[in-house]
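Reviewing the structure listed below.
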Amino acid sequence: MRRQLKALIRKTFGKNHTMKSQASVITFLACVAFIFVVLCFFFSFIEDYIHRNDGPDPSYAENVIVVNPPDSWKDYAEERDLYFWLGLEEKDTDAVFDVFTFSKWMKEYDAFMVVVFPKDFDEKVLVKKVEDRPEILTFISTDHLEYEDYREDFLDNEMGSGYYQYLSDKLGVNLPSGEQPLIYTEAIKDEETGGVVRDRLSRMVAPLLFFVTIMYTCMLIAMNAIAGEKERGTFASILMTPMSRGTIVLGNFLGVALHALIPSAVCMIVFFPASIGGFFGVLALSLSMIALMSAITIMISCMSQSIISAQTAFLPIFMIVLVACVTCMQPSTANDINKFIPIYGHFFGIGDCLMNTASFLPILVCVLSSFLLAGICLLVAKKLLTTEMFTVAVESKSDKEIRKAMERAKRQEKDYVSRARAKVFGYRPMKRKSIGGFLIGHAVLPLALLSVFQLIAMIPAVISYMKTTESVRFLRMFRELSSLSAVEDAVSESASLFSEFMTNHWFIFFMGLGYWCIIGIYMLIVKLLERNRLSTMGFASSEELAGKDASAKTWTPNPSFNKGKGRAAWKNYLKGMLLGFVLITSVYILLFLTGQVSFKGFALRNDSVGLFFLYLLMWIPQGATEEIMMRGYMLPRIAGRFGIPFGIFFSSMCFSLMHAGNAGFSILALINLALIAALFACIALRQGHIYTVCAMHTLWNFCQGNLFGLEVSGNPQSASIFASAPTKMSSDLMSGGTFGPEGGLCVTIVIVIAFIVLFATGRKKKEAPSEEMAEVSVEA
């Protein structure tokens, strides 16, 4: 058995493995590009370190700007003569986060740092045991990395041992233990650059290179070892030998592992540990990683019938491990539990060993568990080779042809391209896509576009806030949001933050532009990518409005459009405005009659008129955008593949879940929004276009938020003609609470009545064609 095992090891280790497989080359190029980007990132640290050792640059700024200096600081600075030695300049502002103004001041006064005191600093710091400690904020120029060291020196010398001690001695401010004042200073603490570079190389670059080289080598060799033999038809001869299945697996495994030792040894030479303990730690982790990856690749090779299929099967594992390596570079991932887990433990363990900070127990557990997993993979591989399915072909040529013919006939029967389930707005599927990708793509596209354009719209709003005193409260909301751990609290605080944006003129203006951009993107998708007419997303032409029913599976005359004389698009839009006004007014009347809200009179102020008209201009594309996304684009394409009922259900649920992040969202809100979406879908299908529902959506939101003063899906409005307020007897079940009317039973009642009216009028229109066709035949 030893001789057979040695022969297999020599055979696997000594093969001339070439990269003839396409999957292997792609993986290799991806790895090279990935490593190149990472190395470029770390070489920037080395460059900064080299420039730092060149000595001080005379062009570096040395002055400091102090904003809102308190009297205690002025006295301290005069006593220490800091105005001369530090070149102090004094400024005053209420916007303590206005980084744009601070940057301008630093350039104007040749300063490297701005120190910002709050206006009431002395009042707060003189109070004993202040809970809301005054914050001293520091901002530095980003022109040179050395400015961080300058700031650290300033904080240590002038704040830590100077000003804080002055407060304690002269003003009688009691300092807690450790001589730390009741002052919070925002500052970035940085280590020596040389130490940073060494730490980054040891903890990030070195483990990543170990992983990439070992995984790539194992994949290249193992896939050629067994899967390659199967592809060449020589594996059957190996099975005919007296060797056991376990010997075959073990021999190929050891051959792959020996190959992987070569790049691992090169990496150890390049990143040689500084201590004996670190050397043996890296050695143990490398061997266990080689064993684990070799066993996994051998198992996949046993499962596959060709090299390409084996490499394709291993490629997701390869990418997942790379992603895990990237997550290990995040400081939040480096907790004690992860160091015991294979892959994570290997990455952290190699870095710790190279930096001489490793612990014995995590490395031991990681190594032993890796060898255990490798043994399990080898046992699975051995079991696979005892199964006929993974050793020889079980189908004859004729059996394969019959099976393929049956599968082809079954696919043609279910082919939604050649036989569409429905033709909504005249859309017919042209390409075949996987179910998962098809549904996920339609669900994610609206969310992605809205997220991108909302983020863009926030930028000018944030800039405008930074120029005002509101920046303090605004940025504290951001800080509180980042410190929350509970999902419910984070969602609530996010909704409050978004409500703050909804009162900003710039945000409303740019959101309106963003909605127009989203409409344009959907038009480009239909025209350029799908090469379809815009009518396939509900923009019916005048001819189609005149006599074609786009909701039918085939184009048929539709006598419901005034005997062939179709309305123009603007007339259908006006009709939708009227319907939307009637619906939301009915909801408001029901809320008023049931005692859920009280009317407070007129509320529009002179300073809100501009914001009111911005809302009006924003709601027009907003309603159209959501209708285009859900009823115009998503509904026809989902219905073309799965049928109209599923199309209505899927698009309605996507529309409802799109509002799940808003404040006060509940199960009833989910149901109501889905019902509203289904109602709009039925109306669009009835009419063969989306002009009416676009107007209904716009008027619903506008009247709800800017006419009656109610919350729109969890977003409060600040520029409303009338004011409304919940009464003392108001119930969240009826009124919807903080989410708005869509979260209450009043909307449920109105929408159910609207469905009844829609179906009732639909029956009457179905009886009309027979009479009209009879009149036409008599006239003929």
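The values are calculated or read from the model by the stated rules, or taken from the named source; none is laboratory data. This structure is a prediction, so every number in the text was calculated from the model and none was measured. Quick reminder, even Gly has a Cβ in these numbers, built from the backbone with ideal geometry, and neighbours come from all protein chains shown.
Laid out as a table, the results:
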{"read-out": "Whichever residue in the stretch 92-127 is within 28 Å of ASP169 (Cβ to Cβ) and basic (Lys, Arg) and, among such residues, is nearest to the chain's Cα centre (by Cα)", "value": "LYS119"}
{"read-out": "Identity of the residue in the stretch 255-287, closer than 13 Å to CYS353 by Cβ and among the polar types (S, T, N, Q), that ends up farthest from the chain's Cα centre (by Cα)", "value": "SER275"}
{"read-out": "Near pairs, Cβ below 7 angstrom, 6+ apart or cross-chain, from the stretch 69-95 (under 22 Å from LEU167 (Cβ atoms) and in the same structural domain as TYR163 (by TED's automatic domain parsing)) to any residue that is of a type in the set (A, V, I, L, M) and in a helix (DSSP H, G or I)", "value": "SER72/LEU167; TYR83/ALA77; LEU88/ALA77; LEU88/LEU82"}
{"read-out": "Selection status of GLU146, out of contact with any strand residue (DSSP E or B) (no Cβ under 6 Å at 6 or more places or on another chain), at pLDDT below 80, farther than 25 Å from ILE463 by Cα and not β-branched (Val, Ile, Thr)", "value": "yes"}
{"read-out": "Single match in THR213, THR138, THR185, THR217 (criterion: modelled with pLDDT of 80 or more, surrounded by 14 or more Cβ atoms within 10 Å (Cβ to Cβ) and outside the structural domain of ILE307 (by TED's automatic domain parsing))", "value": "THR138"}
{"read-out": "Qualifying residue in the stretch 593-600 (condition: at pLDDT 90 or above and part of a helix (DSSP H, G or I))", "value": "yes"}
{"read-out": "Among (1) farther than 26 Å from ALA284 by Cα; (2) at pLDDT below 80 - the single one ILE226 does not satisfy", "value": "(2)"}
{"read-out": "Enumerated helices (runs of 4 or more DSSP H) restricted to the stretch 642-706, each holding at least 2 residues that are hydroxyl-bearing (Ser, Thr, Tyr)", "value": "644-657, 691-702"}
{"read-out": "Boolean, LEU292 is assigned to a helix (DSSP H, G or I), surrounded by fewer than 18 Cβ atoms within 10 Å (Cβ to Cβ) and either modelled with pLDDT of 85 or more or in the same structural domain as THR357 (by TED's automatic domain parsing) (or both)", "value": "no"}
{"read-out": "Among residues of the stretch 381-390, those that are in contact with a helix residue (DSSP H, G or I) (Cβ under 6 Å, 6 or more places away or on another chain) and either at pLDDT 90 or above or not in a helix (DSSP H, G or I) (or both), counted", "value": "1"}
{"read-out": "Filter result for SER304 (surrounded by fewer than 24 Cβ atoms within 10 Å (Cβ to Cβ) and under 36 Å from the mean Cα position of the chain (by Cα))", "value": "yes"}
{"read-out": "Scan of the stretch 690-705 for residues that are farther than 26 Å from ALA725 by Cβ and among the small types (Gly, Ala, Ser), ordered by number", "value": "ALA695"}
